[in-house]
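Enquirer: This structure is in structure tokens; I'll ask about it shortly.
The values are calculated or read from the model by the stated rules, or taken from the named source; none is laboratory data. Keep in mind that what you see is a predicted model, and the values were worked out from it rather than measured. So basically every Cβ, Gly included, is an ideal-geometry build from the backbone, and we count neighbours across all protein chains shown. Surface areas here come from the heavy atoms of the whole protein model, side chains and all, with no ligands, DNA or RNA. Shrake-Rupley method; radii C 1.70, N 1.55, O 1.52, S 1.80 Å.
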Amino acid sequence: MSELAITPLSPAIGAIVSGLSLAAPLSDEHRTALNDALLRHQLLFFRDQALTPEQQRDFARQFGDLHIHPIYPNVPETPQILVLDTDANNLPDNDNWHTDVTFIPTPPLGAVLAAKQLPPTGGDTLWASGTAAYDALSPQLQALLSGLTATHDFAKSFPASRHAISAAGRARWEATRAKNPPLSHPVIRTHPVTGRRAIFVNEGFTLRINELPERESRALLDFLYAHVARPEFTVRWRWQVNDVAFWDNRVTQHYAIADYLPARRVMHRATILGDAPF
Ligand SMILES: O=C(O)CCC(=O)C(=O)O
Ligand SMILES: [Fe+2]
């Protein structure tokens with residue numbers, strides 16, 4: 001068995017893993033080691049992984065069942081692989097802090113993102129640790145937040161104005177809307193494995209804190225969004241082609257910087273289903 005080297009990128013979040021090809025099935029030892037590293041660092045990077053869509057799907061599947069995104073396009077023969085192919089004609093829309101797919105009752109456990117084509121410069125991605133951000137709050141605010149729930153809505157990040165233009169787009173959007181009515185998640189979630197607590201509201205999908213008047217909800221959400229994004233809790237990744245990122249989506253948020261237009265940037269994502277937040 002090859003030796004894995006795991007090099008942290010910051011105290012709060014992120015590590016680089018070397019000594020492993022993701023293209024072949026993992027040994028039990030390597031799968032366990034990656035799982036442990038993911039729980040510890042919340043975000044893992046791998047260099048020089050020229051994965052086919054099938055290999056990326058099969059890698060991700062070793063950690064759980066995969067989600068098929070209702071709106072984003074996918075690789076037709078491998079629908080579990082979502083394609084983010086952006087340029088001046090298809091503008092990026094992930095330049096906001098978000099946790100993926102919190103508009104379903106069981107948001108993803110994690111995601112595996114591969115860089116396929118990159119702009120000459122720009123197009124970095126940032127991640128933030130919701131546990132580090134939670135830990136840094138005062139006990140008083142932690143206690144206040146712990147009893148609260150928030151509404152999340154798919155349409156906040158996938159508005160009809162962008163996704164319901166063509167007839168086919170409108171039909172898909174309407175069906176997705178009907179299947180995914182706004183729902184509630186706890187504002188603070190407990191990681192099901194580590195037991196650590198994390199801020200679990202995000203600018204991408206969260207509409208409001210249910211138990212508070214709108215003005216208080218707005219002020220508190222704005223504070224939490226700014227707090228999670230403090231540099232102390234984040235890491236910024238400068239991609240190379242064939243880099244792969246694997247993040248724990250239960251306790252992190254991310255932001256894809258949209259500074260590279262009109263150049264093109266192509267990413268492939270596999271999304272691993274999770275369980276109901278508590
Ligand atoms: O393109 C990126 O770097 C990340 C996009 C994103 O938000 C995602 O893949 O979930
Ligand atoms: Fe995302």
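Enquirer: Which three lengths, in whole Å and largest first, does the stretch 5-272 cover when its Cα atoms are put on their principal axes?
Expert: Cα extents, longest axis first: 50, 48, 34 Å.
Enquirer: Under a plain spin-label model, where a point goes 7 Å from the Cα along Cα-to-Cβ, how far apart in nm are Thr194 and Arg47?
Expert: 2.5 nm
Enquirer: Still on this structure: How far is it, in nm, from the label point at Leu39 to the one at Glu211 when both lie 7 Å from their Cα along the line to the Cβ?
Expert: Those two pseudo-labels are separated by 2.9 nm.
Enquirer: Counting only protein heavy atoms and using a 1.4 Å probe, what share of the accessible area of the chain belongs to carbon plus sulfur, as a whole percent? All intermediate terms of the calculation are to be shown ahead of the outcome.
Expert: Values: 6540 of 12010 Å².
On the chain, the fraction of accessible area on carbon and sulfur atoms equals 54 percent.
Enquirer: Determine the gain in length on full extension of the stretch Ser146-Arg61; use 0.36 nm per residue of separation and subtract their C-alpha separation, reporting nm with one decimal.
Expert: Separation in residues times 0.36 nm, less the Cα-Cα distance, equals 27.3 nm.
Enquirer: Separate question: Can you give the FRET efficiency for Ser166 and Arg31, using 1/(1 + (r/R0)^6), R0 = 45 Å, r = Cβ-Cβ distance, to the nearest 0.05?
Expert: The value I calculate is 0.60.
Enquirer: Another question about this same structure. Residue-wise, which Karplus ³J(HN,Hα) couplings in Hz belong to the stretch 199-214, taking 6.51 cos²θ - 1.76 cosθ + 1.60, θ = phi - 60°, and x for glycine or proline?
Expert: Here the 3J(HN,Hα) series is 5, 10, 10, 9, 4, x, 10, 7, 9, 6, 8, 5, 7, 10, x, 3 Hz.
Enquirer: Show the residues, 5+ positions off or on another chain, whose built amide H is closer than 5 Å to the amide H of Leu66.
Expert: Leu273
Enquirer: Give the residue from Ala160, Pro70, Gln140 lying farthest towards the positive end of the charge dipole for the stretch 5-272; charges sit on Cβ (+1 for Lys and Arg, -1 for Asp and Glu) and the dipole is referred to the Cα centre.
Expert: Result: Ala160, furthest along the dipole toward the positive end.
Enquirer: Say the dipole of the chain comes from +1 at the beta carbon of Lys and Arg and -1 at that of Asp and Glu; which of Gln80, Asn96, Ala60 then lies farthest toward its positive end?
Expert: The residue sitting most towards the positive pole is Asn96.
Enquirer: Let me ask something else about it. Hey, what did the stretch 190-278 get for relative contact order, percent, Cα under 8 Å, at least 6 apart?
Expert: On the way: 29 pairs, mean separation 29.0, N = 89.
In percent, rounded to a whole number, it is 33.
Enquirer: For the chain, with only Lys/Arg (+1) and Asp/Glu (-1) charged at the beta-carbon, what is the dipole magnitude about the Cα centre, in debye rounded to 20?
Expert: On the way: 25 positive and 28 negative charges, 89 e Å.
Approximately 420 debye in magnitude.
Enquirer: Per residue, what accessible area does the chain have, given a 1.4 Å probe and all protein chains present, in Å²?
Expert: 43 Å²
Enquirer: Here's another thing I want to ask about it. With the calculation restricted to Cα positions, what are the radius of gyration and Dmax of the stretch 117-232 in angstrom?
Expert: 17.0, 51
Enquirer: Given a Förster distance of 22 angstrom, what is the FRET efficiency for Asn89 paired with Val241, based on the Cβ-Cβ distance and rounded to 0.05?
Expert: Values: r = 21 Å, r/R0 = 0.97.
Working from the Cβ atoms, E equals 0.55.
Enquirer: Here's another thing I want to ask about it. Can you tell me the alpha carbon radius of gyration of the stretch 1-158 divided by the globular rule-of-thumb value 2.2 N^0.38 Å?
Expert: Cα-based Rg divided by the globular estimate yields 1.17.
Enquirer: Mind ranking 96-103, 140-147 by how tightly packed they are, going by the mean number of other C-beta atoms within 10 angstrom, highest first?
Expert: So the peptides 96-103, 140-147, ranked by packing, come out 96-103, 140-147.
Enquirer: Sticking with this one: Largest first, please: the extent of the C-alpha atoms of the stretch 139-187 along each principal axis, to the nearest Å.
Expert: Largest first, the stretch 139-187 extends 51, 18, 7 Å along its Cα principal axes.
Enquirer: So, one more: Let's test the formula: R0 of 22 Å, r as the Cβ-Cβ distance of Thr121 and Ile16. What FRET efficiency results, to the nearest 0.05? Could the numbers behind the result be given before it?
Expert: Details: r = 21 Å, r/R0 = 0.96.
Taking R0 as 22 Å, the efficiency between Thr121 and Ile16 is 0.55.
Enquirer: Could you run the Karplus curve 6.51 cos²θ - 1.76 cosθ + 1.60 with θ = phi - 60° over the stretch 160-166 and give me ³J(HN,Hα) per residue in whole Hz, x for Gly and Pro?
Expert: Values per residue, Gly and Pro as x: 4, 4, 9, 9, 10, 8, 6 Hz.
Enquirer: Same structure again: Order 105-113, 237-245 from most to least packed using the mean count of other Cβ atoms within 10 Å.
Expert: Going from most to least packed, we get 105-113, 237-245.
Enquirer: Students often check this: by mean Cβ neighbours within 10 Å, which of 35-43, 87-95, 150-158 ranks highest, and how do the rest follow?
Expert: 150-158, 35-43, 87-95
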